[in-house]
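The values are calculated or read from the model by the stated rules, or taken from the named source; none is laboratory data. Because the structure is predicted, anything quoted here is derived from the model rather than measured. Glycine gets a Cβ as well: all are built from the backbone with ideal geometry, and neighbour counts include every protein chain shown. The protein model used for the area step is the full one, side chains on, heavy atoms only, and it has no ligands, DNA or RNA in it. Shrake-Rupley method; radii C 1.70, N 1.55, O 1.52, S 1.80 Å.
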Amino acid sequence: LLGMVEHQRTGTAIIAVDEPDPVDPKSKLIVEDATISKVADRCLELKNIHASFVIAPINDKTVKLSARSDGTINVEMLVRELGGGGHKTMAAGKFDRETVKDVREKLLNTLDKKLADAMKDIGEGEDK
């Protein structure tokens with residue numbers, strides 16, 4: 001999945017898994033919940049990446065977004081805008097009856113509007 005990094009905005013990486021299942025091409029590829037989180041963690045190892053966002057279906061009706069930060073971007077602030085939650089360096093959300101494409105578009109819009117604020121906010125509070 002790391003090879004699917006498709007978008008970077010000011011130190012962010014996004015992976016949106018919207019692929020057919022290799023066993024059943026008529027179905028979408030379903031990704032285990034824990035795998036999505038692990039891939040988000042691993043993305044932070046990429047050069048110049050300070051926050052990662054991985055979006056993938058975890059079943060036929062639910063898409064998960066997992067976000068991680070190295071501490072320079074408050075991912076909780078960004079994911080909260082989408083209806084999720086978490087901590088400044090780890091956040092997630094689950095979206096019922098939405099597509100990977102829909103969640104990706106919402107994330108991109110949120111990054112456009114709120115990324116600068118999320119970068120400033122990381123210095124506040126106790127969750128540095």
Across the range 73-81, in residue order, what do the Karplus-derived ³J(HN,Hα) couplings come to in whole Hz, using 6.51 cos²θ - 1.76 cosθ + 1.60 with θ = phi - 60° and x for Gly and Pro?
9, 7, 6, 4, 4, 6, 5, 4, 4
What residues qualify as long-range amide H neighbours of Glu19, i.e. H under 5 Å apart, gap of 5 or more or another chain, H built at 1.01 Å from N?
Leu29
For the chain, accessible area per residue (1.4 Å probe, heavy atoms of protein chains only), Å²
55
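So what's the net charge close to Gly86: Lys and Arg +1, Asp and Glu -1, counting the other residues with Cβ under 9 Å from its Cβ?
Neighbourhood net charge equals +1.
Using a 1.4 Å probe on the protein chains only, how many percent of the accessible area of the chain belongs to carbon and sulfur?
Summing carbon and sulfur atoms, their accessible area is 47 percent of the total for the chain.
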Accessible area of His87 in the full protein assembly, 1.4 Å probe (Å², nearest 10)
110
Leaving ligands and nucleic acids out of the surface, order Arg9, Arg42, Arg68 by accessible area at 1.4 Å, largest first.
Arg42, Arg9, Arg68
What does the charge count around Asp21 come to, taking other residues whose C-beta lies under 14 Å from its C-beta (Lys +1, Arg +1, Asp -1, Glu -1)?
-3
May I have the convex hull volume per residue, in Å³, for the Cα set of the chain?
92
Determine the relative contact order of the chain: mean sequence separation of Cα pairs under 8 Å and six or more apart, normalised by residue count, in whole percent.
20
